[in-house]
1. Answer with yes or no whether residue 112 is surrounded by fewer than 18 Cβ atoms within 10 Å (Cβ to Cβ) and more than 30 Å from residue 273 (Cα to Cα).
2. Here are some conditions: (1) closer than 22 Å to residue 31 by Cβ; (2) buried (at least 21 other Cβ atoms within 10 Å of the Cβ); (3) modelled with pLDDT of 95 or more. Residue 196 meets all but one. Which one does it not meet?
3. Looking only at region 199-217, how many residues end up being without any contact (Cβ under 8 Å) to a residue 40 or more places away in the chain and surrounded by 17 or more Cβ atoms within 10 Å (Cβ to Cβ)?
4. Could you tell me which of the residues 18, 62 is at negative phi, within 15 Å of the chain's Cα centre (by Cα) and crowded, with 22+ Cβ neighbours inside 10 Å?
5. Residues that are more than 30 Å from residue 150 (Cβ to Cβ), at least 2 per element: which helices (runs of 4 or more DSSP H) completely within region 193-300 meet that?
6. What number goes with the only condition from (1) crowded, with 21+ Cβ neighbours inside 10 Å; (2) touching a helix residue (DSSP H, G or I) at 6+ places or on another chain (Cβ under 9 Å); (3) in contact (Cβ under 8 Å) with a residue 40 or more places away in the chain; (4) over 14 Å from residue 226 (Cα atoms) that residue 172 does not pass?
7. Filter region 167-192 down to the residues that are closer than 19 Å to residue 275 by Cα, within 17 Å of the chain's Cα centre (by Cα) and in a loop (DSSP other than H, G, I, E, B) and list them by number.
8. Somewhere in region 246-259, is a residue buried (at least 17 other Cβ atoms within 10 Å of the Cβ), under 17 Å from the mean Cα position of the chain (by Cα) and touching a residue at least 24 places away in the same chain (Cβ under 8 Å)?
């Protein structure tokens, strides 16, 4: 039997793997941090809420897991201001080569303790997992993704374990996973009967191969990740989360710099677009702080 998880891991993270040799996702498909500064600004609003809930500690962490080229970590560091900036420690975690990003610490493993906000932005989709073709039975599949004859699926237990481990590193604060994914109701209904395993190279979707020449990815069973990590959590859409953080993309009629405001509104609209980036799931775990202090009640996510 082919060990697809091992092949996937070797193709991305082996000695000659796609990420090991220095490739970054931004070179192969459009990611939210490249749209503009607004995602980093929104995460800073969330970080400020975490900071307030923690009582303004002497040190405040922002940890970017699966940092790629460091675009998000660098933007958060550059945009932080005031007292928060003076206390902020930004750490990028990635298995690829360390990047030179001003004000950002780089490491290849998760820190043992985080007090602040840990973010996995499009990280879990790159955590390799077994590819299965039905009929297949496994405790995780039986619980989260029943696979019938001729159907394909990704057995997401390694993602559950990776996310549970990441959340466990948060001593107090919050952990946020942002990714494209699915929920059990849609999986059971057969919406993903062909699976979601895919590959990208040079801005195009290509046939997946395990030779290290392309980015291999698959949607994330975020509801399973949520249950595995436990605690107090909420799963909402990026569209709703950004609005709750004050990013709706409206332009006031009397805006002094109308053109700049319109450009900003356009970028926010892209981040909130249904069927696009706005349909990403935001899985937010609160650790030692009230979840209600971070986000108000929002409609549950359904991609």
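The values are calculated or read from the model by the stated rules, or taken from the named source; none is laboratory data. Every value quoted in this text rests on a predicted model; they were computed, and no experiment measured them. Cβ placement follows ideal geometry from the backbone for every residue including glycine, while neighbour counts extend to all protein chains displayed.
1. It is true that residue 112 is surrounded by fewer than 18 Cβ atoms within 10 Å (Cβ to Cβ) and more than 30 Å from residue 273 (Cα to Cα).
2. (2)
3. Number of matching residues: 2.
4. It is 62.
5. Counting at least 2 such residues, we get 238-244, 258-271.
6. (1)
7. Result: 180, 183.
8. Among the residues of region 246-259, not one is buried (at least 17 other Cβ atoms within 10 Å of the Cβ), under 17 Å from the mean Cα position of the chain (by Cα) and touching a residue at least 24 places away in the same chain (Cβ under 8 Å), which makes the answer no.
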